[in-house]
Amino acid sequence: MSFLEVFQYTKQDSVIHQLDPRSKMVLAITSAAISLMFLNIVPLLIILLCQIPILFLAKSVRRWLRSMKGLSFLLIFIIVFNTLLSTVANPFSYSVALTIRLIALMTSFSIFFLTVHPDELSQAMIQMRIRFEFAFAMSMAMRYVPTLAHEAYSIMDAQKARGVELDKGNLLKRIRNMIPIIVPLIIVSIRRALSVAESMESRAFGVSQNRTYLKRLEFQRRDWIVAFFSIAVLLYLIYFLSFFGLPDWMLWGFSF
Amino acid sequence: MIKIEDIHFKYEGVYTALRGVSIQIDQGERVAIVGTNGAGKTTLVKHMNGLLRPQRGHVFLKDRDTKHMSVAEIARTVGLVFQSPDHQLFLDSVEKEVVFGLRNLGYSAKEAEERCHNTLSRLGLEGFADRSPFTLSGGERKRVALASVLATEPKVLALDEPTIGQDAKQKKLLAELLSEMNDAGCTVVVVTHDIEFVVEFFPRTVAMSGGLIVGDGKTESLLSNEAIIDLSSLSAPQTTLAASALRKKFPEVSNRITSVSDLEEIIVRLVGGL
């Protein structure tokens, strides 16, 4: 579960944390879009290299590394399976590129989720004219990620005590061993969702249509710069790719 | 049976749960662990079946260090019933749920089924065998979780807050069941806040506070000790409170009274016998 850490807000005093969530949303979406435009190792590595300084600015590199370590099993799995099953010309090269793309995509969104407090996110959504109920649901979902992770650990403990051996056996067995974890997790979550809904209703959630807010977000100069710069890079890359294509050195890949 | 030597455990972060706990529990004992919220009670029982490993110190099970034993291996000897049944129930019938644990521990399908039926009838759950655990009430689910552990007939049975959500009758049934198991040689360890339950059924009590054991001994002397009651944020048993009220008028009343029969004896004596 440690890979979830990278999508979890952490309180830090950094330039990135201070940005308006909307400008960070633009940054995240454009950098994800850019990652999706390429399928070669070199350009994807360059994208990743551009993202790492942002993580540095957000003081979250160590957290990111830890999550990547937690995810390494899945990443290796993707490489192995794609190499074995893919029908493209150079399967290994292709699956390495796919994996880097996945990391770049995750990093794009992790920069957003690491630095945006759930309350800020819902406020940003409300100011983007999304209905309060939806914005609230979104921030609640984010709020419950750590609770869910905690719950998952308790469930694993309970099943281990009944003799389930989670880290033994072949891949198929391990996947089957997840059932005793996932089913209680879903049920506990549904039960909790119902009781949260009841307690919200008993505190008159949704009574007033025009609610006011304590804090309002304001776009500042640095936010305009970030948003403008992200969109400019995206547009430039689209222009460049459609008129010139990638230079030869960027097309490099493994020959197998 | 279980020997714990000076174990320390710290949860990730700053929160320390155990700060040097030693305890020895012999075969056939009945022990209650009481204490404040966050005293480390649950952490301690989780060390007994290997779910948590001491960061310092040792846990011995039948003189064997559990360091190199897997949880599944320990689970054959130490059965742990968790506070929340919802963390373990996942199958679509009570029967399957009970059989699941037995099969994990290596019992044949036939034997597992037999044990399952015996356990269900012992817990008054016969009628529920084919019901889905998710359609049962909280208290019933708790009993299903208990059944799934009882069926494995562990040498040591540890229960975390078994009386929560159970009505008086079920509590009594539970106590009878535990006594029965105990008479058959099973060691019973219970973590609880239910002081009346402790007084009636557990001869030995361990009081915890702030990750330490602050008292360990006979239930009646421990629970009539104000310092320990205070340290572990408990309320004294009703009988002890009644006795201390009596003592204001009759100084000869002992301050060591916890059981109903002792209190009865004193009252009978005070009114001049029957």
Response to the item:
Any residue on another chain or 5+ positions along whose placed amide H is under 5 Å from the amide H of residue B:17 is listed here as B:9, B:10, B:11
Worksheet item: Semi-axes of the protein assembly as shown's equivalent ellipsoid from the Cα gyration tensor, sqrt of 5 times each eigenvalue, largest first, rounded to whole Å?
Response: 56, 29, 22
Discussion item. Given Cβ point charges of +1 (Lys, Arg) and -1 (Asp, Glu) and nothing else, what value in debye, to the nearest 20, does the dipole of the stretch B:1-124 about its Cα centre take?
Written reply: 340 debye
Discussion item. Positive end of the dipole of the stretch A:134-177, charges at C-beta (+1 Lys, Arg; -1 Asp, Glu), about the Cα centre: which of A:158, A:177, A:140 has its Cα farthest in that direction?
Written reply: A:177
Worksheet, complete the sentence: Counting sequence-distant residues (5 or more places) and residues on other chains, those with an amide H built under 5 Å from that of residue B:159 are B:81, B:189, B:190, B:191
Worksheet item: Loop-only check: which GluC sites (Glu not before Pro) in the stretch B:203-253 are DSSP coil with at most 10 other Cβ within 10 angstrom?
Response: B:252
Response to the item:
Cα-Cα longer than 31 Å, checked against A:59/B:10; B:155/B:218; A:69/B:96; B:96/B:172, kept in input order, equals A:69/B:96
Practice prompt. Output ³J(HN,Hα) for the stretch A:7-23: one whole-Hz value per residue in order, computed from phi by the Karplus curve 6.51 cos²θ - 1.76 cosθ + 1.60 with θ = phi - 60°, and x for Gly and Pro.
Written response: 9, 10, 4, 10, 6, 8, 9, 9, 4, 5, 4, 7, 5, 5, x, 5, 5
Worksheet item: Of A:17, A:238, A:86, which is farthest along the charge dipole of the protein assembly as shown in the positive direction, counting Lys and Arg as +1 and Asp and Glu as -1 at C-beta?
Response: A:238
Item to complete: Quick one: which residues, 5 or more positions from residue A:254 or on another chain, have an amide H under 5 Å from its amide H? H modelled 1.01 Å from N in the peptide plane, none for Pro or chain starts.
Response: A:93
Worksheet item: Which shape class, rounded, prolate or oblate, goes with the stretch A:189-256 when its Cα gyration tensor gives a ≥ b ≥ c as root eigenvalues, a/c under 1.5 marks rounded, and past that a/b bigger than b/c marks prolate?
Response: oblate
Item to complete: Could you work out how far helix B:94-104 tilts from the main Cα principal axis of chain B, as a 0 to 90 degree angle to the nearest 10?
Response: 80 degrees
Practice prompt. Sum up the charges of everything whose Cβ sits under 11 Å from the Cβ of residue A:165, counting Lys and Arg as +1 and Asp and Glu as -1, but leave residue A:165 out.
Written response: +3
Worksheet, complete the sentence: Reported to the nearest 10 Å², residue A:207 has, with a 1.4 Å probe, an accessible area equal to 110 Å²
Fill in: For chain B, built as a Gaussian network whose Cα springs stay under 10 Å, the top-fluctuating residue of B:175, B:207, B:227
B:227
Fill in: Charged-residue dipole, Cβ positions (Lys, Arg, Asp, Glu), the protein assembly as shown about Cα centre, Debye nearest 20
1480 debye
Worksheet item: So for the protein assembly as shown, taking the charge dipole from beta-carbon charges (+1 Lys/Arg, -1 Asp/Glu), which of A:97, B:79, B:98 sits furthest toward the positive end?
Response: A:97
Discussion item. Sequence gap at least 6, Cα distance under 8 Å: using those rules, report the relative contact order of the stretch B:30-117 to the nearest whole percent.
Written reply: 17 percent
Item to complete: Using θ = phi - 60° and the Karplus relation 6.51 cos²θ - 1.76 cosθ + 1.60, list the HN-Hα couplings for the stretch A:204-216 in order, rounded to whole Hz, with x at every Gly or Pro.
Response: 6, 5, x, 6, 8, 6, 9, 8, 10, 10, 5, 10, 10
Discussion item. Quick check: Cα centre of the stretch B:175-198 to Cα centre of the stretch A:180-256, how many Å?
Written reply: 52 Å
Worksheet entry | chain A - charge dipole about Cα centre, Lys and Arg +1 at Cβ, Asp and Glu -1, debye rounded to 20 | 400 debye
Worksheet item: Angle between the Cα long axis of helix B:260-270 and the longest principal axis of chain B, 0 to 90 degrees, nearest 10?
Response: 20 degrees
Worksheet item: How much length is gained on full extension from residue B:11 to residue B:167, taking 0.36 nm per residue of separation minus their Cα-Cα distance?
Response: 52.8 nm
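The values are calculated or read from the model by the stated rules, or taken from the named source; none is laboratory data. The shown structure was predicted, so the numbers you read here are calculated from the model rather than taken from an experiment. So basically every Cβ, Gly included, is an ideal-geometry build from the backbone, and we count neighbours across all protein chains shown. Surface accessibility is based on the protein's heavy atoms, side chains included, excluding ligands, DNA and RNA. Shrake-Rupley method; radii C 1.70, N 1.55, O 1.52, S 1.80 Å.
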